[in-house]
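The values are calculated or read from the model by the stated rules, or taken from the named source; none is laboratory data. Predicted model only: the values in this text are computed from it and were never measured. Here the Cβ is made from the backbone with ideal geometry for all residues, glycine too, and neighbour counts use every protein chain on show. Note: areas computed on protein heavy atoms with side chains; ligands, DNA, RNA excluded. Shrake-Rupley method; radii C 1.70, N 1.55, O 1.52, S 1.80 Å.
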Amino acid sequence: MIVVPVKEGENIEKALKKFKRKFEKTGVVKELRSRQQYDKPSVLKRLKMERAIYVQKMHQNED
């Protein structure tokens, strides 16, 4: 359960923004979307490899 302490006189929009940020960090929405469809292990492995290659190229371009 997410608890967002609200200070006396704090703007409700600011408190809502804090809540949204905490909720995003929990990864609930990301997990729900991933559970909506089944991905084969081979597909997941391929995507993971493609991401690793992309990140490696980005690091090489930095230098």
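Side notes on the structure shown:
- Within segment 31-63, being under 30 Å from Pro5 (Cβ atoms) and open to solvent by 100 Å² or more (accessible area, probe 1.4 Å) holds for Leu32, Arg33.
- When Val28, Val6 are checked against the criterion of being open to solvent by 80 Å² or more (accessible area, probe 1.4 Å), of a type in the set (Val, Ile, Thr), at negative phi and free of Cβ contacts under 8 Å to residues at least 40 places away in the same chain, a single residue qualifies: Val6.
- Filter result (of a type outside the set (A, V, I, L, M, F, W, C) and loosely packed, with under 10 Cβ neighbours inside 10 Å) within segment 9-25: Gly9, Glu13, Lys25
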